[in-house]
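Taken together, the values in this text are just the output of simple stated rules run on the coordinates, not laboratory data. Not measured: the values here are computed from a predicted model. Here the Cβ positions follow ideal geometry from the backbone for every residue, glycine too, while neighbour counts run over all protein chains shown.
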Amino acid sequence: MLLAAHGVPLPTGTVVRECDASSLAKVLRQTKLKLPIVVKPVSQGSTIGVTIVRRRTQWKEALALAHRYDPEAMVESYIPGHEAAVSILGTTVEGPTVLPAIEIVAPDGFYDFSAKYQKGKTQYLCPAPFPPKVMRHISELARRTYEALECEGAARVDFRITSRGRPYVLEINTVPGMTETSLLPMAAAQAGIAYDALVERILQSALDRANRFAQVVPKE
């Protein structure tokens, strides 16, 4: 995988297609995974269609739920520990601006749809109270992920961090939320960037990208 080639640690996993009625035993054998595992649609957001499978009896229902939203389901190891997010703002002359990390403390430890959008249900710690070494590490991994995928504009990299401080990148969201409970505006505010200024920076990044594209496309 591209991110792994850039030294970004990822959970062990595989993709199960809807047309492939793989048994749980087969998936566990091929990937050497052990329960609990995470089953989720390849292309979805807001934790829709995601199940933490802790018992074998949950497998078929979890896979069917993921396939309801995408013909491909990602099956990967569940990383116990802390949940965190690092947001990044568009490329400047100096490179991407990495914003303060946020630790997400969700009820029952599962940051699902209601935990994300029901105000007051989840606790957000910004800046995250991780040791300085961990903070530097996840900031660097977020930047590395952003640059490896050649992202532009605003993005958010989501992490799981073990009790020993080892981070794993779960995904990068290239269209991060901008609601009152969203993480990008929260991190920007911690960095001294007001909401209006944040929107202006995102729009300016898009305009700069459009101008660069216009310069390389030959006129008819």
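Pull out a ≥ b ≥ c, the square roots of the eigenvalues of the alpha-carbon gyration tensor of the stretch 2-77, then state rounded if a/c is under 1.5, prolate if not and a/b is larger than b/c, and oblate in the remaining case.
Oblate, because a/c is 1.5 or more while a/b does not exceed b/c.
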Charged-residue dipole, Cβ positions (Lys, Arg, Asp, Glu), the stretch 82-215 about Cα centre, Debye nearest 20: 340
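Counting other C-beta atoms within 10 Å, which of 124, 111 has the fewest, and how do the rest follow?
124, 111
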The stretch 169-215 - convex hull of alpha carbons, volume per residue in Å³: 104
Quotient of C-alpha Rg and 2.2 N^0.38 Å, computed over the stretch 41-101: 1.57
Loop-exposed trypsin sites (Lys or Arg not before Pro) per DSSP, neighbour cap 15 Cβ within 10 angstrom, longest uninterrupted part of the chain: 56-118
Where Rh is the Kirkwood radius over Cα pairs, Rg/Rh for the chain: 1.00
Pairwise FRET efficiency - residue 133 versus residue 14, Cβ, R0 = 45 Å, nearest 0.05: 0.90
The chain: relative contact order as a whole-number percent, Cα under 8 Å and 6+ apart: 20
